[in-house]
Amino acid sequence: MTGLGTPPSAPLAVTVLSGGVGGARFLQGLLHLLRSTGTEAEVTVVANTADDIWLHGLKICPDLDTVMYTLGGGIDEERGWGRTDETWHARDELAAYGVEPTWFGLGDRDLATHLVRTQMLDAGYPLSDVTTALCARWQPGVRLLPMTDDRVETHVVIEDPDEPSGQRAVHFQEYWVRLHAEVPARAVVPVGIEQSGPGPGVLEAIGGADLVLLPPSNPVVSVGTILGVPGVRDAIRSTSAPVVGLSPVVAGSHVRGMAAQLLAAIGVEVGAGAVAEHYGARDRDGVLEGWLVDTADAADVARVEAAGVRCRAVPLMMTDHVATAAMAAAAFELAGLPVPGHGRQQP
């Protein structure tokens, strides 16, 4: 109970810049940590929307939906994306009609989400309002914000000997889903990002946070595109909150996804220390104050600290909610904030 005349302490404000599967699973661990310790907190997730794509007349937002389904209990845990107990009748019928693309399948349950989203967008609602409406069903336990209401779509330049230039650009989803990221990537282009603006609440969530976290999401096409929205990087650099990231690269390889291919495409070494240098230290025109690497990359700690970023080596494999909660606790500790359930830590 709060003493007479003493105002209750405000809930802890945590803002997370998230991609899809990796970010969603980290968020599960973060929420497990906060709930298991009885910590009152408001978690805001700024989600990447540059993976979005229009298919069959529908607006598909893979990262927004993965976070929403995962935290709302509707995700297919084995795949890490899409709905649980999914059926594929609509996909099969479209294929029977010869409708392309056939490489991107929409499940029947998932299809309902895209239908509702597209109808609301067609009615004039911005993506941020649509996301709020969808979350009213799923109750993810976080405030989920699109990085922007504007259309931004990542394209990947790949080698193609049939083209006069020897290259062509494909949508990120084609690169990942159809080509399985097996074709060498030469450049990553988030089309429309320079003309975009932060979604409602994004800058306020960063500026008003007690802690900003960069989870182990793809540093190029997930966190990287969020930081590319005009105004977001400046907000990260000017917030009074500590900014701590967790490496998506362990022992020289990404844990999931295609970070290795896309880091190579932008000329960044595939390594935990190199990704920290790519993000950069906040006092050296970058965004990080702290960086967690896996124990397999303990040798990179000195390299990261030489770049001006506090660094610790801890287990970073998200094997279950408890292991992931420990990662989140390590981020609090590195930030010098009270670890939920413990006393104040020193950086």
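Structural remarks
- In a residue-by-residue description of the stretch 221-244, the property of being of a type outside the set (Asp, Glu) and in a strand (DSSP E or B) applies to at least one position.
- Residue list for the stretch 145-156, restricted to those being touching a strand residue (DSSP E or B) at 6+ places or on another chain (Cβ under 7 Å) and touching a residue at least 40 places away in the same chain (Cβ under 8 Å): Leu145, Pro146, Met147, Val152, Glu153, Thr154, Val156
- Screening Thr87 on (1) at pLDDT 95 or above; (2) under 30 Å from Leu288 (Cα atoms); (3) of a type in the set (S, T, N, Q) shows it passes everything except condition (2).
- Taken together, Arg91, Arg83 contain a single residue that is of a type outside the set (A, V, I, L, M, F, W, C), in contact with a helix residue (DSSP H, G or I) (Cβ under 7 Å, 6 or more places away or on another chain) and buried (at least 16 other Cβ atoms within 10 Å of the Cβ), which is Arg83.
- Thr154 polar (S, T, N, Q), buried (at least 21 other Cβ atoms within 10 Å of the Cβ) and under 20 Å from Leu263 (Cβ atoms): yes
- Residues in the stretch 239-254 that are within 19 Å of Val309 (Cβ to Cβ) and buried (at least 17 other Cβ atoms within 10 Å of the Cβ): Thr239, Ala241, Pro242, Val243, Val244, Gly245, Leu246, Ser247, Pro248, Val249, Val250.
- Taking first residues from the stretch 297-314 that are small (Gly, Ala, Ser) and partners that are surrounded by fewer than 16 Cβ atoms within 10 Å (Cβ to Cβ) and assigned to a helix (DSSP H, G or I), the Cβ contacts under 8 Å between residues at least 6 apart in sequence or on separate chains come to Ala307/Arg284; Gly308/Asp283; Gly308/Arg284; Ala313/Thr295; Ala313/Ala298.
Residue-wise test of (1) under 19 Å from Arg284 (Cα atoms); (2) surrounded by fewer than 22 Cβ atoms within 10 Å (Cβ to Cβ); (3) modelled with pLDDT under 95.
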| position | (1), (2), (3) |
| --- | --- |
| Glu182 | no, yes, yes |
| Glu194 | no, yes, no |
| Pro198 | no, no, no |
| Ala209 | no, no, no |
| Val212 | yes, no, no |
| Pro215 | no, no, no |
| Thr225 | no, no, no |
| Gly231 | yes, yes, no |
| Arg237 | yes, yes, no |
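- None of Gly74, Gly107, Gly57 is over 30 Å from Ser9 (Cα atoms), crowded, with 17+ Cβ neighbours inside 10 Å, modelled with pLDDT of 95 or more and more than 22 Å from the chain's Cα centre (by Cα) except Gly107.
- Unique match (being at pLDDT 95 or above and either crowded, with 19+ Cβ neighbours inside 10 Å or outside any strand (DSSP E or B) (or both)) among Gly308, Gly267, Gly257: Gly308
- Selection within the stretch 157-203 - at positive phi and touching a residue at least 12 places away in the same chain (Cβ under 8 Å): Ala181, Gly192, Gly201
- Val339 satisfies every condition listed in (1) modelled with pLDDT of 95 or more; (2) in contact with a helix residue (DSSP H, G or I) (Cβ under 6 Å, 6 or more places away or on another chain); (3) crowded, with 17+ Cβ neighbours inside 10 Å except (1).
- Within the stretch 77-94, being without any contact (Cβ under 8 Å) to a residue 40 or more places away in the chain and either within 20 Å of the chain's Cα centre (by Cα) or within 30 Å of Ala235 (Cβ to Cβ) (or both) holds for Glu77, Glu78, Arg79, Gly82, Arg83.
- Look at (1) free of Cβ contacts under 8 Å to residues at least 24 places away in the same chain; (2) under 23 Å from Gly192 (Cα atoms) and you find that Tyr97 fails only one, number (2).
The values are calculated or read from the model by the stated rules, or taken from the named source; none is laboratory data. Being a predicted model, the structure only gives us computed values, none of them experimental. Backbone-built Cβ (ideal geometry, glycine too); neighbour counts: all protein chains shown.
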